[in-house]
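Step one of this worksheet: look at the structure below.
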Amino acid sequence: MPDQGTAAVLAGGPPSRFTRAYGGVIGWLRSRTLATRAALAILLVYVLLGLLGSLLVPYSPTAFDMMVPLNAPSWQHFFGTDGFGRDVFSRVVAGTSTILILSVSATVWAVGVGVSIGLASGYRGGRPDEFVMRGMDVLMALPTLLLALLILTWLGSSKPNLIFAIGVVFVPKSARVARSAVLSLRKLGYIEAAKLRGDHAGRILLFEVLPNVRDVVGVEFCVRFAYSLLLISSLGFLGLGVQPPEPDWGQMISEGRNYITLAWWIVMFPALAIGILVVAVNLLADGLWQDRTRLQSARIL
């Protein structure tokens, strides 16, 4: 005899919560552009590598083996070995979780603080808005990499400091984007209606403004995430990112440049890992913006 769940399905009963969620995800994916779906697939691969990397690597990413230095890619070492005999494939895979965690953390911190400042400043307007935005302009006037280097040189190189430095660098840009978004909304009817109801500014920003700029914030998050990836890799290349012996893609490129004429694979594979990930994130941002524009056009029609 079928159990109650099977009987309900056979009888055409209501779908389960899992079925509804699964159907919602499939429907959302079908409504996205091809670029968005391709970017999500690539990002999913990176996330899986970050989560399961320790189970996939054939060798220790930090172990030296001076019997096989600078070996070319082969079945024993898929991406070859570096000058210390370390397996490049294992180091690239092991470095995935590090760069993803650092980039996501820095982006959440930068976009969260920046969007909060931008929404509050743009909604308030007047002299406070001018004062806050001039401060953001001062920070934006400094070169991104130089500002991050100054912060890390002052605080010291560590993962928390790296996240803090990247957040400080990108907060002004996120604040500018959020402020531009809220300026076009603050005079609309539903905002005025919320004011007449007696809602305070925090409630209006949280429940009236933020839901209407979530697409802009989503695209901004993707853009800042891509820049965070590049900046973390650049700092690693300069020796102020993730410190040895932990594998880091930027650090691997820096170490491999001394052997680039003899062992191109030491530089090529971590550089490809960075490039593919950044392109996927940019494709996702572009796809989300195209989807937003298309949906807005459909509503107008």
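Give me the pairs, please: first residue somewhere in region 54-65 and more than 12 Å from residue 247 (Cβ to Cβ), second residue anywhere and surrounded by 13 or more Cβ atoms within 10 Å (Cβ to Cβ) and not aliphatic (A, V, I, L, M), beta-carbon distance under 7 Å, and either six or more positions apart or on two chains.
Partner pairs satisfying both residue conditions: 58/87; 58/90; 64/84; 64/85; 64/86; 65/85.
Table: residues versus (1) closer than 30 Å to residue 50 by Cβ; (2) over 21 Å from the mean Cα position of the chain (by Cα); (3) in contact (Cβ under 8 Å) with a residue 40 or more places away in the chain.
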{"residue": "101", "(1), (2), (3)": "yes, no, yes"}
{"residue": "104", "(1), (2), (3)": "yes, no, yes"}
{"residue": "109", "(1), (2), (3)": "yes, no, yes"}
{"residue": "124", "(1), (2), (3)": "no, yes, yes"}
{"residue": "130", "(1), (2), (3)": "no, yes, no"}
{"residue": "135", "(1), (2), (3)": "no, yes, no"}
{"residue": "144", "(1), (2), (3)": "yes, no, yes"}
{"residue": "155", "(1), (2), (3)": "yes, yes, no"}
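Pick from 53, 95, 80: which is closer than 22 Å to residue 255 by Cβ, buried (at least 18 other Cβ atoms within 10 Å of the Cβ) and modelled with pLDDT under 90?
Residue meeting the stated conditions: 53.
Since residue 59 meets every condition but one in (1) of a type outside the set (D, E, K, R); (2) within 30 Å of residue 184 (Cα to Cα); (3) over 22 Å from the mean Cα position of the chain (by Cα), which condition does it not meet?
Here residue 59 clears every test but (2).
In the list 208, 192, which residue meets the criterion of being part of a helix (DSSP H, G or I) and either surrounded by fewer than 17 Cβ atoms within 10 Å (Cβ to Cβ) or in contact with a Pro (Cβ under 9 Å, 6 or more places away or on another chain) (or both)?
Of 208, 192, the one residue that is part of a helix (DSSP H, G or I) and either surrounded by fewer than 17 Cβ atoms within 10 Å (Cβ to Cβ) or in contact with a Pro (Cβ under 9 Å, 6 or more places away or on another chain) (or both) is 192.
What do you reckon, is residue 252 within 18 Å of residue 86 (Cα to Cα), crowded, with 16+ Cβ neighbours inside 10 Å and in contact (Cβ under 8 Å) with a residue 24 or more places away in the chain?
Yes, satisfied.
Looking only at region 62-117, count how many residues are outside any loop (DSSP other than H, G, I, E, B) and touching a strand residue (DSSP E or B) at 6+ places or on another chain (Cβ under 7 Å).
3
What is the residue count in region 247-275 for residues that are assigned to a loop (DSSP other than H, G, I, E, B) and over 21 Å from the mean Cα position of the chain (by Cα)?
The qualifying residues number 5.
Which residue, of 111, 115, is surrounded by 16 or more Cβ atoms within 10 Å (Cβ to Cβ), in contact with a Phe, Trp or Tyr (Cβ under 6 Å, 6 or more places away or on another chain) and within 30 Å of residue 192 (Cβ to Cβ)?
111
Do we have residue 201 as aliphatic (A, V, I, L, M) and more than 23 Å from residue 105 (Cα to Cα) here?
yes
The values are calculated or read from the model by the stated rules, or taken from the named source; none is laboratory data. Bear in mind the structure is a predicted one, so any value in this text is a computation, not a measurement. In this analysis, Cβ positions are derived from the backbone assuming ideal geometry, glycine residues included, and neighbour counts consider all displayed protein chains.
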